[in-house]
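Input: a single structure, listed below in structure tokens.
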Amino acid sequence: MQTEKVDVLVIGAGPSGTVAASIINKAGYKVKVVEKQKFPRFVIGESLLPRCMDALTEAGFIEAVAARGFQKKTGAKFVKNGKICDFTFEDQHTPGWTWTWQVPRADFDKTLADTVEKMGVPVEYETTVTDIKFFGSDSVTTVEDIHGNKKQIEARFIVDGSGYGRVIPKLFGLDKPSVLQPRKALFAHTNDVRRAMADEPNRITAVVHQKGVWIWIIPFSTGVTSVGFVGDHTFHGQFSGSNEEQFRAMLEAEPHTRERFRDVELVFEPRVLEAWSATTDRFYGDGFVLTGNVTEFLDPIFSSGVTLATVSAQKAANLVVKKLQGGEVNWEKDYMEPTMQGVNVFRSYVLAWYEGTLDTIFFSKNPDPVIKRQICSVLAGYVWDQSNPYVQNHEEGLKRLARLIEVTDKLNSPA
């Protein structure tokens, strides 16, 4: 069997894998990326957060992405029964990026992968990992291409950024159930000819349809808008017919989408995604580190996926370089703990969203501008800023704030 030797093998050519590959390559190490699918390929996670711009910058991707002309994103809007809560990233607590992009992920991911190839990192598509054997931190990985040809790749370290493929967790039995309730999304891309009705292409809109059910509306610079309904199976079970018939019935049932998307042309037949939440026992081992969705994928709300993917890859790549250079790396303290910090903050906000706690906060009558800036920073992806009380005390802080708002609103209501 053919054998190839590299310093680092990266599994997955999505944002997580390409960020890691670029940073390690720039440090002078031989890197190879293997990817199971053929690019471009469709994936959700189309609304980025400002925090990921730091990782894209270190990886050297900003220029290439900017050249694609993607829709600039400067905030996020939440809508419920005609009430609006609008967050602008320029008005946030944490210093940092105040904008990012909304992207068709097929194009965005291909741009990153093409850029890393131009940097000298080979990317092999339609190549599946079938086996990994570790010898201390060294490894031998068996891969198979689409034609059935097998070869082995010897590496000093592996970065697993395989996303939903979850290569190392599946091979070594590291998967465990998520604590989040299983949910389902029905979504499509639409030719948004009535976009002027909203006239806000520079932000994602999340519409509260009913408790535990929401709609994403993500406009792209092409005139196409991504629309998706997320809810539990009880909600989706209310609709029958084909995916398109269900999707159009959902659009008609929500006042905020009814007129804008009535009889809208669909770019593709509506698709279903479900049971997406997953996690693992640990994010590292002797000879490997997990990044991005392989560590834990939470939920589409708050668009945390690409940010957690790129930031974890940025952190992991620098630690891999340190290790290869002979430095001591405490993977628990230097990687697992900070990665879980970001995951845990976002998880608290996801749970608070579905429980209705954030409804109380977002749609309060007199929002405190200081608190709104602090929460805005979380929505911008700055979930590692310990100077922010809604990061530091993310779970209890949101509950206390919601209770205070409820009491205050009741006291101020007319008798």
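Listed values, structure above:
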{"read-out": "Rounded, prolate or oblate (a/c below 1.5 giving rounded, otherwise prolate when a/b exceeds b/c) for the stretch 149-276 by Cα gyration tensor", "value": "prolate"}
{"read-out": "Candidate residues Y125, Y335: accessible-area rank, largest first, probe 1.4 Å", "value": "Y125, Y335"}
{"read-out": "Most to least packed among 132-143, 208-219 [average Cβ atoms within 10 Å]", "value": "208-219, 132-143"}
{"read-out": "Among beta bridges that DSSP assigns inside the chain, antiparallel share in %, nearest 5", "value": "70 percent"}
{"read-out": "Rounded if a/c under 1.5, otherwise prolate or oblate - the stretch 40-102, Cα gyration tensor axes", "value": "oblate"}
{"read-out": "Protein accessible area in the chain, 1.4 Å probe - carbon and sulfur %", "value": "49 percent"}
{"read-out": "On Cα atoms only, tilt of 369-379 relative to the major axis of the chain in degrees", "value": "40 degrees"}
{"read-out": "Two-site label geometry, E259 and E245: point separation in nm, points 7 Å out along Cα→Cβ", "value": "2.9 nm"}
{"read-out": "Highest to lowest packing among 40-50, 153-163, scored as the average C-beta count within 10 Å", "value": "153-163, 40-50"}
{"read-out": "Cleavage-rule hits, GluC sites (Glu not before Pro), the stretch 251-328, DSSP coil, Cβ neighbours within 10 Å at most 15", "value": "E259, E328"}
{"read-out": "FRET efficiency estimate (nearest 0.05) - Cβ-Cβ, R403 to M340, R0 25 angstrom", "value": "0.40"}
{"read-out": "Gain on full stretching of the segment that runs from W384 to K365 - 0.36 nm per residue minus C-alpha separation", "value": "3.9 nm"}
{"read-out": "The chain, relative contact order in percent, only Cα pairs under 8 angstrom and at least six apart counted", "value": "21 percent"}
{"read-out": "Added length on full extension, which subtracts the Cα-Cα distance from 0.36 nm per residue, E269 to D91", "value": "60.3 nm"}
{"read-out": "Fully extended contour minus Cα-Cα distance, from I84 to D131, at 0.36 nm per residue", "value": "11.8 nm"}
{"read-out": "Accessible surface of S303 - all protein chains present, 1.4 Å probe, nearest 10 Å²", "value": "20 Å²"}
{"read-out": "In degrees, nearest ten, helix 15-26 long axis to first principal axis of the chain (Cα)", "value": "40 degrees"}
{"read-out": "Listed residue (P169, V321, M1) projecting farthest to the positive dipole end of the chain, Cβ model", "value": "V321"}
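The values are calculated or read from the model by the stated rules, or taken from the named source; none is laboratory data. All values derive from a computational prediction rather than experimental measurement. Cβ: placed from backbone, ideal geometry, glycine included. Neighbour counts: every protein chain shown. Keep in mind that these areas ignore ligands, DNA and RNA; they rest on the heavy atoms of the full protein, side chains included. Shrake-Rupley method; radii C 1.70, N 1.55, O 1.52, S 1.80 Å.
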